[in-house]
Amino acid sequence: MTEEPCQCSDCQRFYKEHDRLVREFPTFKQQQELNWASIQSFRTLCSKVINELQQQLTERELNQDIKLEEKHISVEDITEALDELESVNAYLYSIEALMERIFDIKISNNIESKFKETAKEIAPDPLNVDRIILNRLFHQTTDFPDKKNTN
């Protein structure tokens with residue numbers, strides 16, 4: 001028996017985003033580039049926030065930053081966030097090293113075509129007219145197992 005996918009809002013948002021990324025980037029090369037860009041943007045953002053927090057901590061320690069007190073950011077909050085973000089950055093560097101190995105892999109156009117074909121199967125376009133009609137018919141069926149028969 002297969003387990004039904006989770007229906008919570010977080011999982012549904014994940015499934016929707018997952019399928020969108022498969023549809024919009026259906027080749028091996030596009031997935032390589034997408035993941036590389038994602039890791040790089042995450043690292044860039046984390047590094048920038050780390051630098052700003054370190055600067056705020058330094059200013060706070062020198063009692064030059066009143067804005068932090070106004071925002072209720074304590075030295076402990078900043079220190080804890082810095083520790084966590086530095087760990088995240090270390091993990092991102094590790095992922096980057098692994099991704100560099102993935103970029104060494106090249107595949108033929110025939111295999112890229114298989115990626116595109118498979119992407120259409122596992123993440124069909126939800127706005128495809130045939131799919132919309134099928135979904136409407138499927139959800140209107142009174143004998144569908146999830147629907148209660150009201151007769």
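With R₀ fixed at 30 Å, the C-beta to C-beta distance from His18 to Leu45 puts the FRET efficiency at about 0.90.
What shape does the range 1-64 take by its C-alpha gyration tensor, where a ≥ b ≥ c are the square roots of the eigenvalues and a/c under 1.5 counts as rounded, a/b above b/c as prolate, and the rest as oblate?
Numbers: a/c = 4.93, a/b = 1.96, b/c = 2.52.
It is oblate, given that a/c is not under 1.5 and a/b is not larger than b/c.
Residues Phe103, Phe42 in ascending order of nearby Cβ atoms (within 10 Å, fewest first): Phe103, Phe42. Between Val88 and Glu4, the simple label model (points 7 Å from Cα in the Cβ direction) yields a spacing of 3.4 nm.
Net length available on complete extension from Leu34 to Met99 is 22.3 nm, with 0.36 nm assigned per residue and the Cα-Cα distance removed. Residues Thr118, Thr27, arranged from fewest to most other Cβ atoms within 10 angstrom of their Cβ, appear as Thr118, Thr27.
Taken about its Cα centre, the range 12-125 carries a charge dipole of about 840 debye when Lys and Arg each add +1 at the Cβ and Asp and Glu each add -1 at the Cβ.
How much of the pair distance distribution for the range 12-125 lies past 16 Å, counting alpha-carbon pairs only, in percent? Mind dumping the intermediate values first?
Details: 4512 of 6441 pairs.
When every Cα pair of the range 12-125 is considered, 70 percent fall beyond 16 Å.
Rule-based calculations on the coordinates, nothing more; no lab input. Treat the numbers as computed from the prediction; the structure is a model and nothing was measured. Note that each Cβ is placed from the backbone with ideal geometry, even for glycine, and that neighbours are counted across all protein chains shown.
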